[in-house]
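Working notes, beginning with the structure itself.
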Amino acid sequence: MDNLNSHIIDQINSKKTEGYKYLYDNFYASLCNFSANFFEYKEDAEDIVQDVFIRIWKSNSTFESLKALTSFLYLSVKNGSLNATRNRPKWSGNDVFDDEDFLNLKLDEKTIEQLLIEEEFYRQIYVTINKLSQERKEVILLSMGGYTNKEIADKTGVSVNTVKTLKLKAYRLLRDTLEPSALAFLLSLMN
Amino acid sequence: MIDFKKIDTIVNLLLAERERPLTDNEKSELDAWLKEDAGNQIVFNSLKKEKNIQARLKILDGYDKEKAYSTFVRNIKNERNKKIIRFFRYAALLIPFFLSIYFIYQRLSDIEPEIEMLSDIQPGTSKAVLQLANGSVIDLEKEDKQIKEYDGTVVQNTQNQLIYKPVDKKQEPKKIRYNLIKIPRGGEYQLSLSDGTKVWLNAETILKYPVTFSGKTREIFMEGEAFFEVAKNADWPFIVHTSALKVNVFGTSFNIRAYPDEEASTTTLVSGKVSLIQSGNHKEYNLTPNDQAIVSNLETVIQKVNVNQFIAWKNGRILFEENTLEEVFNNLSRWYDIEVDYTDEEIKNLRFSIDVRRYSEFDELLKIIGLTKKVKFEINGNRVIIKKSK
């Protein structure tokens, strides 16, 4: 896991597109959804995130770890979103901005910290599940929806045994790739 | 300031807490956070509900990360090109010679598309066969201008369109007799039904319809792809049946794509109003203009779309916007009657935008796709092999 992470960070720091593909696959949707808290239309949120990624690619700054990058991404998206909602003509990436009163007004009583905890919690699950094949993903999603093996089999048109096998295979794949805590969570879903 | 270390810790505790009892230390850490703010307890409770997870994953899937990534790549390529051009501008001050070499090289690589071909694959044409109510079959490409149904109805055939004349209400037949029109791969045809409804039929499509509509409803059956302009009549419901769904039409234009070899069927509403009933579970969905319903075994998704892309075929165009290579060739294979093979799974997901006339030579399309230098083609009869470009 750590090796993989530092490999990705190298790729991002050295402006390789593979590293950025990783960012899109693993962060784009969650960052957009986080930013969407500040906007009426999700297109605005998507513009903000796109802008942040392009700025990272253009900038000369490098990141030490994936954790540092994760924080940077959330922070940049927050700042970008806030500045855009205040109709600022231009967002300068280094101006860090922290007006909790304003935030609380905008965000229906949830603090920025609570929003970030939610987003990051769901993101880890999202990333994990997206590593599965489409078929296994469907089975896991249905099992999350509270369906039994029998019901899942009916819905997807495969046998109950296949559902069990798919769950098991999904579990095996996850065991190799996951962070321990996210894996524990998924295991609890599969039982 | 936002404390990301704390956020990370809490998220990890929340994920761990689901599966195993937390240690005393972990517990007190989580409790401290819960007590910090009344809202934290609310967040905690909502994260515990699995239904919420499922719902959130659906929302996240709603963001098109592939499309965003290709926009990003386009953007940074432009930046890179700008840098190269800048470099050559300076170089030109010193060595104009190298500059010209560079441009000559650029030119050459532009006009040399990576296609190993010339194919004799042709676009589709107007062709169809018609099966009359008594079972006899007529090839409309070769047939005369007028076809007589045995009940006396005369059908006009204009080599690309079949026209059923409206019938006086009093003469309406008691028994409904059906005709069946079948469009082969590489074909298309138009149809004007006895009530004035117009239907455009795409390649590999079958439509079954009454020679003369009668009774309380106008009902037809289809498989494949068709665009409908239904003649308005509020008292006479128009219903389209496919294997997966039933569409009730209230005077309107829309496209249905329901090929048996494709997983989902797609209904795209251009104007008016339709309601759609899924065959499996009898669920009903109402569509308003620019809505698209995608129905598969697993679920039904309704989304807003730019309808132009989905009805381009009937307006004589081939139009793709950021579609995957696989989607593009699934469509083209019906129209050009070709078989497609990929040497490499991953190229199926490359995205392309194409806008050309539907009656373009197949080679012209390959040239356009080849210019992107992402893939190469090899043609063998009507078999197209797509390879990754190096």
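Computed quantities for the displayed model
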{"item": "Residues located in the range A:144-164, provided they are in a helix (DSSP H, G or I) and at pLDDT below 80", "result": "A:Met144"}
{"item": "Total residues in the range B:9-19, condition modelled with pLDDT of 90 or more and facing chain A (nearest Cβ under 7 Å)", "result": "2"}
{"item": "Selection within the range A:10-64 - among the aromatic types (Phe, Trp, Tyr) and either over 21 Å from A:Tyr122 (Cβ atoms) or surrounded by fewer than 17 Cβ atoms within 10 Å (Cβ to Cβ) (or both)", "result": "A:Tyr20, A:Tyr41, A:Trp57, A:Phe63"}
{"item": "One residue from B:Glu327, B:Glu345, B:Glu321, B:Glu364 being surrounded by fewer than 16 Cβ atoms within 10 Å (Cβ to Cβ), of a type outside the set (A, V, I, L, M) and in contact (Cβ under 8 Å) with a residue 12 or more places away in the chain", "result": "B:Glu321"}
{"item": "Within the range B:279-306, tally of residues that are loosely packed, with under 15 Cβ neighbours inside 10 Å and closer than 22 Å to B:Phe238 by Cβ", "result": "7"}
{"item": "Subset of the range A:49-76 (residues that are more than 10 Å from chain B (Cβ to nearest Cβ) and farther than 14 Å from A:Tyr24 by Cβ)", "result": "A:Arg55, A:Ser59, A:Asn60, A:Ser61, A:Thr62, A:Phe63, A:Glu64, A:Ser65, A:Leu66, A:Ser76"}
{"item": "Wholly enclosed helices (runs of 4 or more DSSP H) of the range B:43-132 bearing at least 1 residues acidic (Asp, Glu) and at pLDDT below 75", "result": "B:96-110"}
{"item": "Cβ pairs under 7 Å, 6+ apart, first in the range A:113-130 and more than 7 Å from chain B (Cβ to nearest Cβ), second among the polar types (S, T, N, Q) and crowded, with 23+ Cβ neighbours inside 10 Å", "result": "A:Glu119/A:Ser30; A:Glu119/A:Asn33; A:Arg123/A:Ser30"}
{"item": "Looking only at the range A:30-48, and only at residues there that are over 25 Å from A:Leu4 (Cβ atoms) and at pLDDT 90 or above, the one that is nearest to the other protein chains (Cβ to nearest Cβ)", "result": "A:Glu46"}
{"item": "Residue match in the range B:20-29 (condition: facing chain A (nearest Cβ under 7 Å), of a type outside the set (Asp, Glu), out of contact with any strand residue (DSSP E or B) (no Cβ under 8 Å at 6 or more places or on another chain) and in a helix (DSSP H, G or I))", "result": "no"}
{"item": "Qualifying residue in the range A:19-29 (condition: away from every other protein chain (no Cβ under 11 Å), at pLDDT 90 or above and under 24 Å from A:Lys131 (Cβ atoms))", "result": "yes"}
{"item": "Helices (runs of 4 or more DSSP H) contained in the range A:3-80 and holding at least 1 residues in contact with a Gly (Cβ under 7 Å, 6 or more places away or on another chain)", "result": "A:42-58"}
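The values are calculated or read from the model by the stated rules, or taken from the named source; none is laboratory data. Predicted model only: the values in this text are computed from it and were never measured. For neighbour counting, all protein chains shown are included, and Cβ atoms are generated from backbone atoms with ideal geometry for every residue, glycine included.
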